[in-house]
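What follows is one structure encoded as structure tokens, with my remarks underneath.
Values in this text are rule-based calculations from the coordinates and carry no lab data. The model shown is predicted, which means the values in this text are computed figures rather than measured ones. Every residue, glycine among them, receives a Cβ derived from its backbone with ideal geometry; neighbour counts consider all protein chains shown.
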Amino acid sequence: MRSPKFIALSLSLLLPTVALACGWWPSHSGEVLLYRIMPLDEAEYYDYSVLWSCDNLIHRKVDYKADNLLLWQRQTSRTIPIDDIERIVYHADADYLLSLREQSKSSFTSDNAFVRWIFTHQRNDILDFLILAKQNEEVRLSMTDPWYYDVKDSYHYRVLEDVVQQCRRYTQGPLLGRYALQMMRALCSLRDYQACADYWDGIKGRLHDDAIRKMAELRAAAALCKVGRREEAFEIYVRYGDLASIRAVNGGQIDNELEFVYDRCPDSPYLAEEVQKWLLCMGDDQKTDMLLKVAHRAVKEKKSHQQAMWYYTLAALYDMKGSTLEARKYLQLGQRYPKDPYLRDTYRVMRIWLDAKTATCDDAYEQQLFADLRWLAGKIRRSATPEVFARLHRYDDWANRDDDDDDNREVYQLVSNTFYWNDAMRRILFKAVCPRMHEARQYVREIQLANLAENLLVKTKGYAGEMFAIIDRLPYDVTREYFTRIYQPNDEFDRWLNQRGKTDRNYWFDILATKCLRERHYAAATYYLRKVPVEFQQRLNVYEYMRRNPFNYDMETFPNDRSLAPDYKLHFAEAMLQYERTMKSDSDPNKRAYAKIQYALGLRNSVHKCWFLTRYSSNLDYTFIRDAVPEIPYPADSTLYRHAEYLKLSNQLIDEAILTYTDRDQAAAQLRHLLHYRCILDRYADTPTARDLRARCDKWRDYNSTFANAKLESPINIKHLTSHDDETNPK
Amino acid sequence: MKKVLSLLAALCSMLTLVSCSDGGRGGKDTSSHFVHQPANAVYHWKTVYNPNAFEKEFLKKHHIGRLYLKFFDVGVDNLYDGKGEQPVPIATTIFRDSIKHIGDVEVVPVVFITVEALRLDVPNYSLAERIIERVDAMCWANHIAYREVQLDCDWTRETKPLFFELCQEVRRLLHEKQKGLSATIRLHQLRDTLPDIDYGVLMLYNTESLVNPDVKNSILSSNVVKEYMRHVEADKHLDFAFPTYEWTLWFKDRKFMGILRPGQDTNVEGTLRHETSDFSEIIAAKHAIRPLLKDIGYPSSTIIYHLDSANLSRYTDHEISEIYRP
């Protein structure tokens, strides 16, 4: 039973897909967004409401921060570490800077090289500027607070007007550009766009070509737009390749904005953001083709310095289109271009993915896969922050909070796309490698890899999710072989995988036993179940159901008997084993018949009301996770659905058993348990059971055939036992 | 002797008016000079303040002394600033006309608090301070000299402690400024203790569920009001708000589909239920509450919901006067 909360969240996750045809959202909740040229803000992705606005996923914003820090270094001293400059320029607040200003009057020394340089060189003008800039920034930030209400003459306005006045007074000096930028920002916040545009017109000729000018010019473009000089603003945005602003000014009238920017500013820092967004956009053929066109031009023309990014884009697009070989070709071509560490790693992830889709499952590939997985596992371990674990645990708790929630398969789906390296490994293994191993009949490796994917980061509960879906569909003998390899590994890869998977003995004993019960290997089931302690059984999600007598005659109504729970499966397996032996070899036909009936009841119940003997969930519908696990015609898939098969066999065994009885009253007594009154009265009318039945049955309809059949929904084929149907039909 | 009695009566009346500022049970003793005066009043519940000639004339003609003007709602939003979901003001009223144009009418800023915002547990966050600061800013910007703030919230037993805590804090802050706090009270809320406020406004509308296909008129039923009156015992002063609006509700297969605007009710598949605020029902409801709730501490006032010419024009001046009659 899936919890209402989970359904609600799943629906909310799916909703954006429906709402936004070209939405920034995978086609289903479990799918991992594999193509990355830049890190996404995965913490935001975790909050599903962010899906309404993909912009929040883009982690890296064009802010000229690095250039600005370098400029500060150039303006002060190249010996000052950038980190020290950043700590003061970007992380200190106005109050702290004011306190520094006070301390500069005394013989204060700082551990920050930037501050020391200012003090040593008596450059209080820098501190004064930074205080002004911080005050400006803090007020402007508070004006973006949703609680802010714009009031002229307010404190905010007074501070900004003061900033403007101070900036105006700074007419020459090394910080002219910086003061100009602060003034333009303050004017825009005061909504005096005309003053800002006018000021820009006057000052632009005096500014150096550096990061500050870039920031000021982009600010000027915003003001120009507001005062109706849209063409000039557009021209600035085009020069910088600021795609979002181009779109805003132009009203989306350019067909292929990406190409438009690429043509005019092939090294625009905004392009990477945009390409990443487009790569997240799944299933939009038109966009894919537009991006494909630009990427092809970029790698051909070599005008852009971001060649590695464009080759990766081509590989991703061809993979998306299903052309794996083309994808491999472009990925290989892009290998030789310089790239940042993040892109270097995502190149490797993409290569592993493409290998998995195309390689032959031989020893060479296994070795390659082993090396790749070792690298990826290391990457996952190094990158997993406490937040990642907290997220997983939070969802794990959340998904399993309801008493009626009998599985936790949703946990990884809910957190998909929140930790790229692990998500990527899961996608590679479940979507590509495991199916390949399955095709190659390397079932043990398939289980091992699924186990790694599921349990490397956190040990899952293990009765749901993709790994469980795979092992649940594989037969007992394959699972046993896997289990053997846990303790007798064939090679180093086995050992490595065993160390990282879920290898808890009790867990596997119970699974093996359950598979044995499902496949009627009762002796083997007994062997495994004797090793599973009661404490472990009590932790099973199905333990609470183990109150039903598995040899109950009634098919639907089971009395609650808590005492049955400890070693429930073991007692069942032992009883079935005993009945099996008796029905096959006992010399007394009545004992054989009785054992056969009990065996038939156990068999029927084990797939019906006592399903927890042969499964871990009443829900066998894996379609929900097949989004993540590919559809594979698992050979033993049918073992999941033995309900019809065993019910038919059970009926057949009961029929045989009744005919086996030589003691007619015992046969009648069994039929009475099975509620076949009509059959008793017709065929065993001379027995004490029939006499008793007649004496107690004071209503004709109790053995009226129509009523009896309708009410009892008899599973037994009593037709051949009954010879006088018409006699009992009501007229 | 008569003179002495009259003097005593007048003195008692004055004391009552002054003491109403802290009539709540269990509220903190926050001294205040806030005095709630009886007056004809009306709600303004639109997102744009721009009263037309009829509405301005209505204020004059019916001697409206107080306008309860909804300033904004407090909802919930994620601002992607790393703080997750937080309370934010939404649907802020835009002032297209100056408040000066309605003369001496006292404006009471009303803030609607959603229960989602109440439920948010944001550390180091004073919702009360935020609300008061924003009301101050809006009043300053729009030249409104306010004397009290009203909070409107559909609190239930579950959210009651949260709302009460908010009221306590808002009231404390307002009393520091010599201002008062009132709150809307729904009929079902009357069964409970009332929050820490200077007085309440009992909303005598939406008396039944509008989504229930079996209800005859969800806006106001004096019989339903009477039913509620059997279980109430208010210990705080209450003013009374009566509806003057109407709407058409759309049902399909007994399922509520929505509220239709005038003109929308053609070509709709299903059943339509047109509901009005019937004058006789308003008067009957007034009579139903009178014996138990009227004039607790000092005279109760009547408030009409809401200032909208399209609806108000359906009533005669006499009827409006009757609604306001003490």
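Could you check the simple spin-label distance between A:A248 and A:R505, using points 7 Å along Cα→Cβ, in nm with one decimal?
Spacing of the two 7 Å Cα→Cβ label points: 6.6 nm.
Tell me the Rg and the Dmax, in Å, that the Cα atoms of segment A:307-386 produce.
13.3, 39
HN-Hα J couplings of segment B:84-99 from phi, Karplus 6.51/-1.76/1.60, θ = phi - 60°, integer Hz, Gly and Pro as x?
So the J values, rounded to whole Hz, are x, 6, 8, x, 9, x, 9, 6, 5, 5, 9, 8, 8, 10, 7, 5.
Rounded, prolate or oblate, given the Cα gyration tensor of segment B:263-308, with a/c below 1.5 counting as rounded?
It comes out prolate by the Cα gyration axes.
Only counting other Cβ atoms within 10 Å, I'd like A:D494, B:D253 sorted with the fewest neighbours first.
Starting with the residue having the fewest Cβ neighbours, the order is B:D253, A:D494.
Once phi is turned into θ = phi - 60°, what whole-Hz ³J(HN,Hα) does the Karplus curve with 6.51, -1.76 and 1.60 give for every residue of segment B:109-116, x standing for Gly and Pro?
Whole-Hz 3J(HN,Hα) from phi for segment B:109-116: x, 10, 10, 8, 9, 6, 5, 4.
Rounded to the nearest 0.05, what FRET efficiency do A:T358 and A:Q538 have when you use their Cβ-Cβ distance and R0 = 45 Å?
The pair A:T358/A:Q538 has a calculated efficiency of 0.45.
Please list, in chain and number order, the residues 5+ apart from B:G258 or on another chain whose amide H is under 5 Å from its amide H, with Hs placed from the backbone.
B:W250
State, to one decimal in nm, how far the label point of B:V211 lies from the label point of A:L292, with both points 7 Å from Cα in the Cβ direction.
4.7
By counting other Cβ atoms within 10 Å of each Cβ, how are A:Y420, A:Y312, A:Y527 ranked from fewest to most?
The order, fewest Cβ neighbours first, is A:Y527, A:Y420, A:Y312.
With labels modelled as points extended 7 Å from the Cα through the Cβ direction, what inter-label distance (nm, one decimal) is found for A:D201 paired with A:D93?
4.0
How shielded is A:137-149 by partner chains, expressed as the average number of their Cβ atoms within 10 Å of its Cβ atoms?
4
Among rounded, prolate and oblate, which fits chain B when a ≥ b ≥ c are the square roots of the eigenvalues of its C-alpha gyration tensor, a/c under 1.5 means rounded, and a/b larger than b/c means prolate?
The shape class here is rounded.
For each pair in A:K134/A:K204; A:K461/A:K531; A:K214/A:K293; A:K152/B:K46, compute the distance between the two Cα atoms and list the pairs where it is over 28 Å.
Among A:K134/A:K204; A:K461/A:K531; A:K214/A:K293; A:K152/B:K46, the Cα-Cα distance tops 28 Å for A:K214/A:K293.
At R0 = 45 Å, how high is the FRET efficiency between B:H63 and A:Y148 if r is their beta carbon distance? Nearest 0.05 is fine.
0.75
Within a 10 angstrom radius of each residue's Cβ in B:141-148, how many Cβ atoms of other chains show up on average? Whole number is fine.
Across the residues of B:141-148, the mean count of other-chain Cβ atoms within 10 Å is 1.
Starting with the highest mean, order A:165-173, A:466-474 by the number of other Cβ atoms within 10 Å, averaged over the residues of each peptide.
My ranking of the peptides, most packed first, is A:466-474, A:165-173.
At a 10 angstrom cut-off on C-beta neighbours, averaged per residue, how do the peptides B:113-123, A:454-464, A:658-668 rank from highest to lowest?
Those peptides, ordered most packed to least, come out A:454-464, A:658-668, B:113-123.
In a GNM of chain B with a 10 Å cut-off on Cα contacts, which of B:R254, B:R172, B:R147 has the highest mean-square fluctuation?
B:R254
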